[in-house]
Structures are given as C-alpha cells and as structure tokens.
Amino acid sequence: IKKYKAKYNVIIGGRSDGKTYAVLEEIVANYLCDDANKPTGAIIRRWSEDFVGKRGQQMFSALVQNGLITKYSCGKWNSVKYYASKWYMCYYDADKHAIIDCDDNPFCYGFALTSQEHDKSTSYPTITTVLFDEFITRNVYLPDEFVLFCNVLSTIVRERDNLTVYMCGNTINKYCPYFAEMGLNHVRKM
C-alpha cells in the first residue's frame with residue numbers, strides 16, 4: 001500500500017495477517033533509524049480501556065519478542081515500557097527482572113476517541129505515523145465517531161502535512177460509517 005504514497009491508507013484483511021504489526025514496526029523503525037528528527041507515532045483506538053494496564057504494555061510485545069527493538073536500536077534497547085498512554089524504549093535486564101535504562105522521550109502516543117476532548121490543547125509535532133487500529137467493529141460505533149476521529153487527527157496534525165494515517169481493520173462487518181464519510185462506495189472492489 002505504501003507505493004501509492006497516500007496520506008490515508010485503509011487496510012482491511014483477516015485476523016493475524018500482520019496489518020497492525022507492520023505499522024507498529026514502521027513507527028519503531030522511523031524513531032530508531034532517524035537520529036536527526038526522531039519521528040514518533042500515534043495509536044488511535046475507540047475506547048480508553050484499550051490502553052489500560054496490560055493492553056497498553058502488550059501493544060509492542062510481538063516486536064520485542066521478534067528482536068526488532070534490539071535490531072533497530074543496534075542493541076541499545078531491547079524492550080518497550082508503557083506509561084500514561086505513552087510508549088518508551090527501554091533496556092530490560094532479564095537476570096535482574098528489571099528495567100535498567102529507559103529513553104526519556106516517548107516514541108509513540110496513545111489516543112482514545114472516547115477521551116479526545118482531554119488531548120485538544122496538547123501539541124504533538126514529532127508524530128509522523130498514525131495507526132487507527134480496529135477501526136471496523138462488529139459491535140457499536142460511537143455517536144458521531146467520524147467527527148471524533150477527525151478531532152483526534154486535528155489535534156495531532158495541526159498545520160502539518162508530513163503525516164501518514166493507517167486505518168487497519170478486520171473483515172468482520174460490511175457496514176462501517178467511515179466508508180460513507182470517506183466516500184468509499186465500493187470497498188470490496190477497491
């Protein structure tokens with residue numbers, strides 16, 4: 001999908017086919033491989049509960065387990081620490097069962113549509129990659145959800161144009177309000 005160089009990228013597929021993993025890897029690689037700019041990422045989910053406790057801590061666990069944090073940081077970091085809707089690179093000492101070093105700056109920020117009002121006055125000038133994970137649901141969409149999504153993006157983007165937005169979802173529901181709002185009339189063919 002990257003060959004199109006689109007600002008908004010809608011990626012729909014089956015479960016466990018690597019949609020989220022690929023975007024999370026891009027966020028990590030961008031941050032660790034661009035020492036001059038240190039571009040960061042953002043993860044948008046529908047509910048604030050999606051980031052609480054272990055759900056937040058586990059977000060990058062597959063990349064940690066596959067050694068990608070170690071690879072992209074050339075061994076400086078080997079894990080990820082989650083705190084207050086932010087993810088930080090860290091070095092975890094398995095023998096001591098403790099984090100012995102942690103980056104001062106987050107490489108990724110979490111945003112929930114249900115709490116977007118609380119983020120409006122904050123600036124995020126380093127975010128260049130946005131992942132809206134699970135944007136298609138089989139349950140309930142929030143009232144005016146597309147407007148909430150646009151408000152979150154407005155908070156992140158401000159007046160910049162250097163962002164790429166990935167909207168990832170499973171093929172679980174033919175109806176999605178985002179399709180109509182974004183003018184996607186023939187999603188199966190597209």
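The values are calculated or read from the model by the stated rules, or taken from the named source; none is laboratory data. These numbers were taken from a predicted model, which means no experiment stands behind them. Because the Cβ atoms are built from the backbone with ideal geometry, glycine has one as well, and the counts that use them run over all protein chains shown. For accessibility, only protein heavy atoms count, side chains too; no ligands or nucleic acids. Shrake-Rupley method; radii C 1.70, N 1.55, O 1.52, S 1.80 Å.
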Out of the residues in the range 156-183 that are hydrophobic (A, V, I, L, M, F, W, C), over 13 Å from Ile12 (Cα atoms) and open to solvent by less than 50 Å² (accessible area, probe 1.4 Å), which is farthest from the chain's Cα centre (by Cα)? Val157
Considering only residues that are open to solvent by less than 90 Å² (accessible area, probe 1.4 Å) and part of a loop (DSSP other than H, G, I, E, B), which ones fall in the range 2-16? Ala6, Gly14
Quick check on the range 32-41: of everything there that is touching a Phe, Trp or Tyr at 6+ places or on another chain (Cβ under 8 Å) and surrounded by fewer than 16 Cβ atoms within 10 Å (Cβ to Cβ), which residue is farthest from Asn139 (Cα to Cα)? Cys33
Leu63: within 30 Å of Val187 (Cβ to Cβ) and either touching a residue at least 60 places away in the same chain (Cβ under 8 Å) or among the β-branched types (Val, Ile, Thr) (or both), yes or no? no
Does the range 145-155 contain any residue that is charged (D, E, K, R) and either in contact with a strand residue (DSSP E or B) (Cβ under 7 Å, 6 or more places away or on another chain) or open to solvent by 80 Å² or more (accessible area, probe 1.4 Å) (or both)? no
Within the range 88-118, which residues are open to solvent by less than 20 Å² (accessible area, probe 1.4 Å), under 18 Å from Asn37 (Cβ atoms) and assigned to a strand (DSSP E or B)? Met89, Cys108
Among the residues in the range 147-161, are any over 18 Å from Val23 (Cβ atoms) and aromatic (Phe, Trp, Tyr)? no
Counted residues in the range 82-139 being under 24 Å from Arg46 (Cβ atoms) and among the acidic types (Asp, Glu) come to 4
Flag if Ile69 is part of a strand (DSSP E or B), touching a helix residue (DSSP H, G or I) at 6+ places or on another chain (Cβ under 9 Å) and of a type in the set (Val, Ile, Thr): no
Looking at the range 17-31 only, could you name the residues that are outside any helix (DSSP H, G or I) and open to solvent by 40 Å² or more (accessible area, probe 1.4 Å)? Asp17
Count of residues meeting criterion [crowded, with 18+ Cβ neighbours inside 10 Å and within 19 Å of Ala29 (Cβ to Cβ)] in the range 42-81: 14
I'd like the residue in the range 130-148 that is assigned to a loop (DSSP other than H, G, I, E, B) and among the charged types (D, E, K, R) and, out of all such residues, is nearest to Cys176 (Cα to Cα). Arg138
